[in-house]
Amino acid sequence: EHNLDLSEIPGTGIAGRVTKNDVLGYIDSGAAVERGAPSAPAATAPRAPTAPQPARAPSGVERWEGDRVEPWSRIRKLTAEHMVMSRRVSPHVNTIFEVDYSRVAQLRAKKKKEYADRGVNLTFLAFIAKAAADGLRRHPALNAAVSGESTILRRDVNLGIAVALDWGLIVPVIRHADELALLGLARAINDLGERARAKKLSPDEVQKGTFTITNPGVFGSVIGTPIINQPQAAILCVGAIEKQPTVITVDGTDTIGVRTKGMLSLAFDHRIVDGADADRFMADVKKSLQEFPEAAV
């Protein structure tokens, strides 16, 4: 009737949409004038902005003289897809604790030969795995997974132990880790690591993990902030364990002593794990390591 051009009418609706009141107000203001049929179709109302899509890595990167191109292996492709998906899906949060391993170092030095006589290498990682497995039983929120808008609290504690290989990374799983003593965990870590490097793991041995431990500390890394192994709720990262000068208080007097210390960091999915739950779990693991009972070795 008024031959209006909607593109000229300021919209006050959601995302700038033109409402009925906008049209009536425009007419009443006298801004509308009689005109012939428009030569071009009226512009549509602007659409609400859509969520940005994750950027793809450029596939046509310029190659320079002397460059060497290494096509991705199947495991590298799967790892890349899994890592990108995990970052996109889970809001990662990290908490970091310093641990005094002096007690563990003493027990390890005392029992190392006894374990070696049984064909088992007793490592710091075995003690950490034991403390983590026991802690997961007491803090089930960390032994969980997301399913839609629900949280699955796992009954079984299945520890994944990340193993770095020349051709990638693999995470064999220790089933029912909370039911194993330190000797059993140490033996399982040794066995799975050796067979992973020899490419002798079965498909079943890298599935159904509920919590992962990664140990970049063996390469000298002090602190790590790893990516969660989906669909798990968290991953524990072991930093380098070294002797350090430390303030020690004895009978109210501060002195400088040497202690064996290192960092433990936890990356967790903030959708289902609150910061307080993560910190309570880490405090529990730290306490277990610093007060590790000799009877459990």
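Since every read-out is calculated from the coordinates, none of them should be taken as a lab result. Note that the structure is a prediction, hence the values are computed from the model and not measured. Neighbour counts run over all protein chains shown; Cβ positions are idealised from the backbone, glycine included.
If we sort 206-215, 138-147 on the protection proxy, mean other Cβ atoms within 10 Å, highest first, what's the order?
Peptide ranking by packing, descending: 206-215, 138-147.
Ranking request for peptides 267-273, 231-237: highest mean number of other beta-carbon atoms within 10 Å first, then the rest in descending order.
In descending order of packing, they fall as 231-237, 267-273.
By count of other Cβ within 10 Å, fewest leading, how are Lys130, Lys261, Lys243 ordered?
Details: Lys130 27, Lys261 19, Lys243 12.
In increasing order of surrounding Cβ atoms, one gets Lys243, Lys261, Lys130.
Give me the net charge of Gln106's neighbourhood, meaning all other residues with Cβ under 13 Å from the Cβ of Gln106; Lys, Arg count +1, Asp, Glu -1.
Neighbourhood net charge equals +4.
For Phe281, Phe124, what ranking results if the residue with the fewest other Cβ atoms within 10 Å of its Cβ goes first?
Least to most surrounded, the residues fall as Phe124, Phe281.
If we count every other residue with Cβ under 14 angstrom of Ser73's Cβ, Lys/Arg +1 and Asp/Glu -1, where does the sum land?
Summing Lys/Arg as +1 and Asp/Glu as -1 gives +1.
When the Kirkwood hydrodynamic radius is evaluated over all pairs of different C-alpha atoms of the range 74-296, what value in angstrom, to one decimal, is obtained?
Working: mean 1/r = 0.0552 Å⁻¹.
In the range 74-296 this quantity evaluates to 18.1 Å.
Quick one: order Tyr115, Tyr101 by neighbouring beta-carbon count within 10 Å, fewest to most.
So the residues, fewest neighbours to most, are Tyr115, Tyr101.
Quick one: Debye curve from the C-alpha atoms of the range 164-262, no solvent, what's log10 I(q)/I(0) at q = 0.10, 0.17 Å⁻¹?
Scattering profile of the range 164-262, log10 relative to I(0): -0.40, -0.91.
Treating only the Cβ atoms of Lys and Arg (+1) and Asp and Glu (-1) as charged, compute the dipole magnitude of the range 241-290 about its Cα centre; round to the nearest 20 debye.
In debye, rounded to 20, the range 241-290 gives about 180.
Counting just the Cα atoms, what span does the range 236-289 cover along each of its three principal axes? Round to the nearest Å and put the largest first.
Computed over the Cα atoms, the extents are 44, 25, 15 Å.
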